[in-house]
Amino acid sequence: MEQTASGVPGARQGDGLFTLLALAVLFLMLVPVGMATFWLGFARGDSPCVMCWEQRIGLILISLTGLFVLRFGPRPKYIGMAVLVAGWGMFMALRHVGMHAARDIGQGFSVEILGAHTYTWALFAYWVCVIVMGAMLLVVRSEHVPAAPRTLRGVERLAGGAFLVVVGANLVQAFASTGPPPFLGQSDPVRFSFNPRHWHWSLEEWRPLPISLRGRWAVEKPDLRTLVSDPAAGPLVNLPRLTVKEQRPLTLPLDGPPTDLAYDPATDQFLLATARGIYLTDGTLSRIDRHTIVDPGYSVDLGRFAGAAFLDEGALIAVGENKSYVVLQPNDQADGDANFRFFLESRDRFDEVTRGRFGTVRARLLYVMSAAYDPGTHAVYTLTVPNNRARRLVISRFDRRDLTLSEEYSLDVAPASGLILAPERGLDQLFITGAAVADGKLFALSAAYGTLLTIDLVGRQVVAAHAIAGLTRPVGLALRGHDVYIVDDAGMVTVVARP
Amino acid sequence: MEFFNLLLIFATAVLVLRKPSRERLAFRLLVLSTVLMVLLFSMATRTGLLPGLNY
């Protein structure tokens, strides 16, 4: 039974719309799905991975809803299904792209088409589907919905035929490369072949695995509260102890708990950081010379300052746990109004030079809680802290000139140091919260097990280690003359002799 | 399982094109295929259900 349009002999309601839809189904089946099947699959031997299969099936399902509309009219339930599948398809493609989007230029998974890998094209294809569906919905009218199934016209029958042919070809490819149930597609599929001897059917995707929302990206922020402070429980055994020369509380009006400490011998000033604040004090830590509170979020998300260091020519750097940084320059003539966007307090005492993010490779999924500057090599150092997902102590070195990664490595104990690691223990169990450089050595203080490491920056090894008893959640370390100044998160300053 | 799902899709298309009177069954198969697609993708990505990006 056909529905006819009044006044137009032979024409039916919405013929133009249905023709457009038939062409869209044809395009979807012949170009993205058909090319993936016949050209990439049969001609070039490409087999979809388990995720690619579902993305391809999603495109096929959108085409199938198109056939429903061609036959039964644009009923809400078909349009709803198409939108649902397209929305899910965009999510699938984003999930897939997310695995590879941050890789180096040209890297990816499987084959590249016109400069983009196949899963990237899936994202584009789903996006186009949503756009096209939205445009078609603009012209859909209730009279386009027939009371009975429509009789398909030439181009519509062609779309249906093409659909069956392409899905039939996919059945062949799916049987060869994934097999019948319960076999399932593979993460790393085997090259397609018509020869059954080369078929590889797998059940690997059925194996039990933990379920997680963010997987390896679900990294908890550093937390000092659960750390063990007793040096005797640490990974390095029989460490010599450093004698505490002085211990006194800070009496400075900070805006929060201290998070790091640094010292500049040129000006005899200490640099104290809090989560948002930068404080320059005198050489006795008894007077604040200048301070500011940085607006952490208007641009680069600086997170919570965890490391701070003096750079060259009076400049200083504050580094967040997330390795984002801000470089500040003290300036008595700073324009407070111009600096309104950078600072929440004391806007006329500093200028913001730059803010950005340290990019790393080995330390990418690790937070840091320290920063140090070596004026001899013009390098900024950060050291990672372990987390719930990864336990790794990585030292990253960044060039002062472009603040870009120059080197990174995991630490070893120098054999000649005489240091002994307890059985089944490692340096990655330390939790470095303070660092400073002097004489080519990096001094790194672990809040866990109250251990001070001396690291040879040339040999990239720990050459000495000392225990400091009585520290509770130390967060910063500075070298002043022959002394090591340590500040904890309660504002207690501990001074020990530099080893 | 992909083969099975494609088989469902093929059967659904045949119903739509050749047996439109079975619209209700065809639509149920469409829903079943969609659910199967969602389940299979979710199973394949269960160790990190959300896109692996820096949130």
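The values are calculated or read from the model by the stated rules, or taken from the named source; none is laboratory data. All values reported here derive from a predicted model rather than from experimental measurement. Cβ sites come from the backbone with ideal geometry, for glycine too, and all protein chains shown count toward neighbours. Ligands, DNA and RNA are excluded from the accessible area calculation, which covers all protein heavy atoms including side chains. Shrake-Rupley method; radii C 1.70, N 1.55, O 1.52, S 1.80 Å.
Between A:Val368, A:Val361, the distinction of being under 28 Å from the mean Cα position of the chain (by Cα), open to solvent by 50 Å² or more (accessible area, probe 1.4 Å) and closer than 28 Å to A:Ala102 by Cα belongs to A:Val361 only. Output the residues belonging to the range A:112-140 that are in a loop (DSSP other than H, G, I, E, B) and surrounded by 12 or more Cβ atoms within 10 Å (Cβ to Cβ). Within the range A:112-140, just A:Val140 meets the criteria.
Taking the range A:457-469 as the range and being open to solvent by 10 Å² or more (accessible area, probe 1.4 Å), of a type outside the set (D, E, K, R) and closer than 16 Å to A:Val437 by Cα as the test, the residues that pass are A:Leu457, A:Val458, A:Gly459, A:Gln461, A:Val463, A:Ala464. B:Asn5 falls short on exactly one of the conditions (1) open to solvent by 20 Å² or more (accessible area, probe 1.4 Å); (2) under 14 Å from the mean Cα position of the chain (by Cα); (3) at pLDDT 95 or above; (4) within 7 Å of chain A (Cβ to nearest Cβ), and that condition is (1).
Tallying residues that are of a type in the set (D, E, K, R), more than 8 Å from chain B (Cβ to nearest Cβ) and under 23 Å from A:Ala176 (Cα atoms) within the range A:31-84 yields 3.
When A:Gly234, A:Gly215 are screened for being farther than 23 Å from A:Gly481 by Cα, of a type outside the set (A, V, I, L, M) and within 30 Å of the chain's Cα centre (by Cα), only A:Gly215 passes. Do the conditions hold for A:Ile278, that is, is it open to solvent by less than 30 Å² (accessible area, probe 1.4 Å), under 30 Å from A:Arg347 (Cβ atoms) and out of contact with any Cys (no Cβ under 9 Å at 6 or more places or on another chain)? So A:Ile278 passes the test.
So if I check each of A:Thr454, A:Thr472, which one is closer than 26 Å to A:Asp268 by Cβ and either among the hydroxyl-bearing types (Ser, Thr, Tyr) or surrounded by fewer than 24 Cβ atoms within 10 Å (Cβ to Cβ) (or both)? Full working, then the answer.
Values: A:Thr472 fails: closer than 26 Å to A:Asp268 by Cβ.
Answer to the selection: A:Thr454.
Does the range A:402-424 include one or more residues that are out of contact with any strand residue (DSSP E or B) (no Cβ under 6 Å at 6 or more places or on another chain), more than 26 Å from A:Phe270 (Cα to Cα) and among the charged types (D, E, K, R)? Scanning the range A:402-424, I find at least one residue that is out of contact with any strand residue (DSSP E or B) (no Cβ under 6 Å at 6 or more places or on another chain), more than 26 Å from A:Phe270 (Cα to Cα) and among the charged types (D, E, K, R), so the answer is yes. On inspection, A:Pro253 fails the criterion of being buried (at least 19 other Cβ atoms within 10 Å of the Cβ) and more than 33 Å from the chain's Cα centre (by Cα). Counting only residues that are among the β-branched types (Val, Ile, Thr) and touching a strand residue (DSSP E or B) at 6+ places or on another chain (Cβ under 7 Å), which one in the range A:284-309 is nearest to A:Glu352 (Cα to Cα)? Filtering first and then ranking leaves A:Val294. For the range A:372-429, how many residues are part of a strand (DSSP E or B) and closer than 22 Å to A:Val361 by Cβ? Residues meeting the conditions: 23. In the set (1) at pLDDT 90 or above; (2) buried (at least 17 other Cβ atoms within 10 Å of the Cβ); (3) assigned to a helix (DSSP H, G or I), the condition left unmet by A:Arg150 is number (3).
Quick grid of which residues meet (1) under 25 Å from the mean Cα position of the chain (by Cα); (2) buried (at least 17 other Cβ atoms within 10 Å of the Cβ):
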| site | (1), (2) |
| --- | --- |
| A:Tyr381 | yes, yes |
| A:Thr384 | yes, yes |
| A:Asn387 | yes, yes |
| A:Asp402 | yes, no |
| A:Leu411 | yes, yes |
| A:Pro415 | no, no |
| A:Leu419 | no, yes |
| A:Ile432 | yes, yes |
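Quick check on my filter: what residues within the range A:332-371 are in contact with a helix residue (DSSP H, G or I) (Cβ under 8 Å, 6 or more places away or on another chain) and among the hydrophobic types (A, V, I, L, M, F, W, C)?
Going residue by residue through the range A:332-371, those that are in contact with a helix residue (DSSP H, G or I) (Cβ under 8 Å, 6 or more places away or on another chain) are A:347-348, A:350-352, A:365.
Listed by number, the residues that qualify are A:Phe350, A:Leu365.
Only one entry of A:Pro258, A:Pro210, A:Pro181, A:Pro196 meets the criterion of being farther than 30 Å from B:Met37 by Cα and either open to solvent by less than 50 Å² (accessible area, probe 1.4 Å) or of a type outside the set (Asp, Glu) (or both), and that entry is A:Pro258.
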